[in-house]
Amino acid sequence: DSGVTQTPKHLITATGQRVTLRCSPRSGDLSVYWYQQSLDQGLQFLIQYYNGEERAKGNILERFSAQQFPDLHSELNLSSLELGDSALYFCASSPSPGHPANYGYTFGSGTRLTVV
Amino acid sequence: DAKTTQPTSMDCAEGRAANLPCNHSTISGNEYVYWYRQIHSQGPQYIIHGLKNNETNEMASLIITEDRKSSTLILPHATLRDTAVYYCIQGTSYGKLTFGQGTILTVHP
């Protein structure tokens, strides 16, 4: 158990639908990152939140959105799903800047999304 | 647009040391070198990171050249369970990590 919890582990849905992926960061971590990993691509950074605020954006589609709540958990919303959105979605967390951390970024075990 | 360069694949015999090289010639003064590995669709696992000095933990050792333009991850006694994709990443301690294609390490019996 890495300390980062992602739910659900698996999700199968139809094209055009909307889903929400959830991530609870490691205790004490303030930053949350979302990554997408398709079969033919590496880990693609989507978005970062720090203490409730968006900090950085990567290659995130307009159909996708995310937020981080006051309790620091984060949700990634994927809408108007297409077949190409089928992928593993990972969440990671990291401590606040300047924290004397020696464990780097911690990743969850991912949500496998299958769009049919 | 990963900023590091790694060999696509490497092999290692079980019980021997695995030395994985990485070039990060564009690394800036406030960027660390991070190493992660991913075992077949699991979440990437943190291995080690360093800024200037060599580092060692229970999993591996990290050797960083004096000019910080390259580094080597050393798994001292590789096992079959170390077969994975190994990612070398340069980044700050507060920003996103940009993953490249990594090195596929295969440990053979």
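Shape annotation for chain A: C-alpha extents along the principal axes are 44, 26, 23 Å, from largest to smallest. Sparsely packed loop sites in region A:1-98 (the trypsin sites (Lys or Arg not before Pro) outside DSSP H, G, I, E and B with at most 14 other Cβ atoms within 10 Å) comprise A:LYS9, A:ARG18, A:ARG63. Accessible surface of chain A, 1.4 Å probe: 47 percent of it comes from carbon and sulfur atoms.
Across chain B, C-alpha contacts under 8 Å between residues 6 or more apart give a mean separation that, scaled by the residue count, equals a relative contact order of 38 percent.
At a 4.7 angstrom Cβ threshold, list every cysteine in the protein assembly as shown that has nobody to pair with, or say none. Cysteines lacking a close Cβ partner in the protein assembly as shown: B:CYS12.
Legend: residues in region B:27-44 shielded by at least 20 square angstrom of accessible surface upon adding the remaining protein chains to the isolated chain (1.4 Å probe, heavy atoms) are B:TYR36, B:GLN38, B:SER41, B:GLY43, B:PRO44. The B and A chains share an interface that buries close to 1500 Å² of accessible area, total over both sides, probe 1.4 Å.
Compactness of the protein assembly as shown was expressed as the Cα radius of gyration divided by 2.2 N^0.38 Å, which yields 1.02.
Straight Cα distances below 26 angstrom link B:LYS3 to the lysines A:LYS57, B:LYS52, B:LYS69, B:LYS96, with same-chain residues fewer than 8 positions distant left out. The residues of region A:1-96 expose on average 48 square angstrom of accessible surface per residue, using a 1.4 Å probe on protein heavy atoms.
The values are calculated or read from the model by the stated rules, or taken from the named source; none is laboratory data. It should be emphasised that the depicted structure is a prediction, and the values quoted were computed from it without experimental measurement. Ideal geometry is used to build each Cβ from the backbone, glycine not excepted, and the neighbour counts take in all protein chains shown. Areas reflect the complete protein model, heavy atoms only, side chains present, ligands, DNA and RNA absent. Shrake-Rupley method; radii C 1.70, N 1.55, O 1.52, S 1.80 Å.
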